[in-house]
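Novice: Quick one: structure below, then a few questions.
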Amino acid sequence: MADTITKNSPPTGGDVTPLISLPAATARIATVAGSVLALAGTFMAWTWTSAFPGDLTVTGYPGGLQVLVLISSALTLLFALSGYGIRGLNWVAPGGPNAAARLTALGTLGTVGYTLGAIAFQLGGVVNLEPGAWVAGIGALIAVVGSLALPFDQPFPAGDPDKGGWARFRHSLTAPHPPRARALPSAVEILIIVAGFALGLIVFTYGIDTEYGELFVGFLITVAFAFTGLARAGLVSRLTALTARYRGISLAAAFAAALCFPFTQDNDYYALIGTNILIFATVALGLNVVVGLAGLLDLGYVAFLGVGAYTAALVSGSAASTIGVEFPFWAAVLTGGAVSLVFGVVIGAPTLRLRGDYLAIVTLGFGEIFRVTMNNLNGASGPDVTNGAQGISAIPDVKIFGFDLGSPHDIGGFTLGRNANYFLLMLLFTAIVVMVFNRSGSSRIGRAWVAIREDETAATAMGINGFRVKLIAFALGATLAGLAGTVQAHVAYSVTPDQYEFAGTAPPNSAFLLAAVILGGMGTVSGPLIGGALLYLIPAKLDFMDDYQLLLFGLALILLMRFRPEGIVANKRAQLQFHENDQLDLPEQRLSDTAVDTTKAGA
Amino acid sequence: MNTMTTTTTTTVLDASDVTMRFGGLTAVRSVSLTVNSGEIVGLIGPNGAGKTTFFNCLTGLYVPTEGKVSYKGTVLPPKPHLVTQAGIARTFQNIRLFANMTVLENVLVGRHTRTKEGLWSALLRGPGFKRAEKESKERAMELLEFTGLAAKADHLARNLPYGEQRKLEIARALASEPGLLLLDEPTAGMNPQETRAAEELIFAIRDMGIAVLVIEHDMRFIFNLCDRVACLVQGEKLVEGTPEVVQSDERVIAAYLGTPFEGAPGADELAEVEAAEAAAPSTNSRTEEAQ
Ligand SMILES: Nc1ncnc2c1ncn2[C@@H]1O[C@H](COP(=O)(O)OP(=O)(O)OP(=O)(O)O)[C@@H](O)[C@H]1O
Ligand SMILES: [Mg+2]
């Protein structure tokens, strides 16, 4: 057995001594045994009453939060076993099994711990816990201790001056990048991609369908640890390598998975959440053109969504609209996009000649001016265009080719309700935005954006007309938001000024949009989509902590920026940028900086 | 590439009476300089003499207080992108690559002025777009081949060693198909072998029909390379002439060292000090590489 352990250990010579010193064999047995115990515990009753949501009283049938613990401990077991070098399990952790085992064990402990705490808190005391809860809890604890005693997957950097426990702990959760995968038959590889997206759909749907806040919190804990564990095991990078190889197929699979979503929902309310997530995430992706590619800080982006939405509402034929016209939907979409484009150019043209912070301030101002103006165009303090704070209500449903999106339709035995219809419509817009992002990003103009973001002086010296290129990015971003706005107006039935604030407790607002881009990963496609989904779901699901929501959000963002500044989905570039020990950073010398100022002053 | 078919020399760059004042400080005082086709012209001078400032005036990064700059007979507007469009490309004293773009992408950005594909064609991806993109890539790869960076096309620019970053900056500048290349201390921080390679590279660029104006502190390098050398001291052009003339000019020697000097060694020492100073960030970058 000794050699099977070393087989999976990193090359000798480095410092791989674990945090807790136990014989390696004991540590591994403890991890396995602990996770088995936790897993077994999920089949027992955790509490005596079904007053706690999810009914954790049934023996032999895991429910609610127990399912999450089951999954998490099963993953721990899998990684722990793969550490034995068992044939057929090596693929589980090409990067190294120990960090993954540690993370999933921590995730198990976190979820169990949260559940036990929630039960004790809600039912008034630990007496309400049944033995099953203790079994799972102790199992998870043993697994954590055991896994912490497993050697590091990569040697502790010898030169690191910080030898403290915290540094070693953080290091124990890292693993080397896995070696290149052996090429499989392409059919198998494609199947893996499809399975990956199917899994993604399942996880996403599970998250949307969580019926009570406790389950959602448990879901977040489990997913966060499990995902990081899978990433450390090297599986995520294996999968992304495959998706990079089969780009077209991956995109198609992703959209197919999204397309399946409304068919998994029998409750139209959850379909509405899905639709709103899609709107929010799409707008965030549009913002990513501006922020992520061109590096322009736009703090009033939601106003462009508002421009599109108001335009669509005004031409929707709604009785509350002050213009009594009714455009067909496609015309409304084009009008909404065009009006947003005009606003984008009007805002961008004077400000984009300036650098950096000015744009942020002007866009922040624009966002607020938009909201205030919509409030004031009410007939009392200005001409009556928008009905002021009442907004434009009773926006009729979209009809496309005689197909009324407002009423349920049966497709292949499934009934798609109103919101599911809009989900599918919005998905089309998302596809367009993804395509625009991808295509513009990898072209002459996209390279110019990135060049401007990287070093504006050098970019202009390479012949790029900075102002022009930035204006294109800004206007394109505005247009994309406007397009999404036209759908949003119909989905929400009504548009009111307060939907388009700078910051609020619920998305979409400019602050959340920006947060979605940064949290998800700047300059990537999937980043803002994932970030958007998370930032929409968290406030929607955790309404019980309404008062502290923004505070907790702020904390979460600070922690994220501290530990993973590149966001959830790291752009390869950003990853290198943030985690190299710095300083190849071209020294920004005084000369070059002042050079610019002089140009601006002279221009 | 601009192939020079004419054998008679034409004036590529004509800067006349360029003055640049920053408040009370006159960094460049009424400097005139011409560069002819097929020529390599050197610009030397002690630190703070105004060489880089002069370059910035030529390329539109600074708007000269007085004087005008013309390229092949037309007066250049002081806008960097128009200057590049016209045919003057440059490198920077403190390397300014697009650090988080790949080597190939850096060169492709250099092609910006020589391609036209806008947003629409990028979105629609017609055959014209694909052709232009393919051509650009081929052209960029040629340039990487030329500078010896082809094997690193997919690396991030920031991960290149210092010497290669300088080469990449040159490749990127060449991608804009210039008629005149301005190099600001291209060998700063290079070791002797790299410096010799850079010399070869600059000769090869000249042979492509591109005139070169180069700032450098390494006197051996300059006197080897250049057809003509101008010396700037405290913003003013002190002398201009063949390397021999400039090399033996008392005033140049005095300006550089403050003391008379004999032959090359003094200058070499100076160059070494310079090189060591400039190399400081590069050693830094190498240690990072190792991590
Ligand atoms: N934007 C600016 N504002 C104020 N002063 C400046 C500016 N740019 C340059 N200077 C000053 O102009 C003078 C010339 O600087 P410049 O960088 O052109 O010298 P240089 O000949 O390139 O020197 P080196 O050999 O060190 O590169 C210096 O005194 C510098 O401080
Ligand atoms: Mg200089």
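The values are calculated or read from the model by the stated rules, or taken from the named source; none is laboratory data. Small disclaimer: the values here were computed from a predicted structure and weren't measured. So basically every Cβ, Gly included, is an ideal-geometry build from the backbone, and we count neighbours across all protein chains shown. The area values use the complete protein model at the heavy-atom level, side chains included, leaving out ligands, DNA and RNA. Shrake-Rupley method; radii C 1.70, N 1.55, O 1.52, S 1.80 Å.
Novice: So if I check each of A:Gly446, A:Gly441, which one is in contact with a Gly (Cβ under 9 Å, 6 or more places away or on another chain), at the interface with chain B (Cβ under 10 Å from one of its Cβ atoms) and not aliphatic (A, V, I, L, M)?
Specialist: A:Gly441
Novice: Of all the residues that make up region B:136-149, how many are open to solvent by 30 Å² or more (accessible area, probe 1.4 Å) and more than 14 Å from every other protein chain (Cβ to nearest Cβ)?
Specialist: Residues flagged as open to solvent by 30 Å² or more (accessible area, probe 1.4 Å) and more than 14 Å from every other protein chain (Cβ to nearest Cβ) within region B:136-149 amount to 6.
Novice: Additional query: Taking region B:185-219, which residues are in a loop (DSSP other than H, G, I, E, B) and not charged (D, E, K, R)?
Specialist: B:Pro186, B:Thr187, B:Ala188, B:Gly189, B:Met190, B:Asn191, B:Met208, B:Gly209, B:Ile210, B:His217
Novice: For region B:97-128: of the residues being open to solvent by less than 10 Å² (accessible area, probe 1.4 Å) and farther than 17 Å from B:Glu177 by Cα, which is farthest from the other protein chains (Cβ to nearest Cβ)?
Specialist: B:Val103
Novice: Oh, and also: Within 13 Å of the chain's Cα centre (by Cα) and open to solvent by 20 Å² or more (accessible area, probe 1.4 Å) - does that describe any residue in region B:174-196?
Specialist: no
Novice: Further, regarding this structure: Any residue at all in region B:46-68 that's among the hydroxyl-bearing types (Ser, Thr, Tyr), within 12 Å of ligand 1 (Cβ to nearest atom) and open to solvent by less than 10 Å² (accessible area, probe 1.4 Å)?
Specialist: The answer is yes; a qualifying residue exists.
Novice: Which one of these does A:Val145 not meet: (1) buried (at least 17 other Cβ atoms within 10 Å of the Cβ); (2) β-branched (Val, Ile, Thr); (3) without any contact (Cβ under 8 Å) to a residue 40 or more places away in the chain?
Specialist: With respect to (1) buried (at least 17 other Cβ atoms within 10 Å of the Cβ); (2) β-branched (Val, Ile, Thr); (3) without any contact (Cβ under 8 Å) to a residue 40 or more places away in the chain, A:Val145 is out only on (3).
Novice: Ok, one more. What single numbered condition from (1) open to solvent by 30 Å² or more (accessible area, probe 1.4 Å); (2) free of Cβ contacts under 8 Å to residues at least 60 places away in the same chain fails to hold for A:Val315?
Specialist: For A:Val315, the failing item is (1).
Novice: Report yes if B:Glu105 is assigned to a loop (DSSP other than H, G, I, E, B) and acidic (Asp, Glu), otherwise no.
Specialist: Judged against the criteria, B:Glu105 is not a match.
Novice: Which pairs turn up if I take residues in region A:217-242 that are open to solvent by less than 40 Å² (accessible area, probe 1.4 Å) and look for partners that are in a helix (DSSP H, G or I) and among the acidic types (Asp, Glu) with beta carbon separation below 9 Å, at least 6 apart in sequence or on another chain?
Specialist: Within 9 Å, the pairs are A:Leu242/A:Glu189.
Novice: Scan region B:39-54 and report the pairs whose first residue is under 13 Å from B:Gln93 (Cα atoms) and within 12 Å of chain A (Cβ to nearest Cβ) and whose second residue is near ligand 2 (Cβ under 8 Å from one of its atoms) and open to solvent by 10 Å² or more (accessible area, probe 1.4 Å), with Cβ atoms within less than 6 Å and a gap of 6+ or a chain change.
Specialist: Qualifying pairs under 6 Å: B:Thr52/B:Gln93.
Novice: How many of the residues in region B:37-89 are within 16 Å of ligand 2 (Cβ to nearest atom) and polar (S, T, N, Q)?
Specialist: Selection size over region B:37-89: 5.
Novice: Kindly indicate whether any position in region B:28-36 is away from ligand 2 (no atom under 16 Å from the Cβ), free of Cβ contacts under 8 Å to residues at least 60 places away in the same chain, open to solvent by less than 10 Å² (accessible area, probe 1.4 Å) and assigned to a strand (DSSP E or B).
Specialist: no
Novice: Ok, one more. Could you say which residue among B:Glu216, B:Glu169 is open to solvent by less than 10 Å² (accessible area, probe 1.4 Å), out of contact with any Phe, Trp or Tyr (no Cβ under 9 Å at 6 or more places or on another chain), within 16 Å of ligand 2 (Cβ to nearest atom) and touching a residue at least 60 places away in the same chain (Cβ under 8 Å)?
Specialist: After ruling out the rest, the residue left standing is B:Glu216.
Novice: For region A:488-499, state whether one or more residues are within 30 Å of A:Phe563 (Cα to Cα) and either in a helix (DSSP H, G or I) or within 14 Å of chain B (Cβ to nearest Cβ) (or both).
Specialist: No, because not a single residue in region A:488-499 is within 30 Å of A:Phe563 (Cα to Cα) and either in a helix (DSSP H, G or I) or within 14 Å of chain B (Cβ to nearest Cβ) (or both).
Novice: Further question: Taking B:Glu133 as the residue in question, decide whether it is outside any helix (DSSP H, G or I) and either among the basic types (Lys, Arg) or facing chain A (nearest Cβ under 10 Å) (or both).
Specialist: no
Novice: How many of the residues in region A:490-500 are open to solvent by 20 Å² or more (accessible area, probe 1.4 Å) and more than 14 Å from A:Val283 (Cβ to Cβ)?
Specialist: 4
Novice: Return the residues of region B:69-98 that are within 16 Å of ligand 1 (Cβ to nearest atom) and out of contact with any Pro (no Cβ under 9 Å at 6 or more places or on another chain); say none if nothing qualifies.
Specialist: Result: B:Pro80, B:Phe92, B:Gln93, B:Arg96.
Novice: Could you check region B:3-27 and list, in sequence order, the residues that are within 14 Å of ligand 1 (Cβ to nearest atom), among the hydrophobic types (A, V, I, L, M, F, W, C) and open to solvent by less than 60 Å² (accessible area, probe 1.4 Å)?
Specialist: Correct list: B:Val18, B:Met20, B:Ala27.
Novice: Restricting the search to region A:455-475, which residues are outside any loop (DSSP other than H, G, I, E, B) and buried (at least 24 other Cβ atoms within 10 Å of the Cβ)?
Specialist: Passing the criteria: A:Ala458, A:Ala459, A:Thr460, A:Ala461, A:Val469, A:Lys470, A:Ala473, A:Phe474, A:Ala475.
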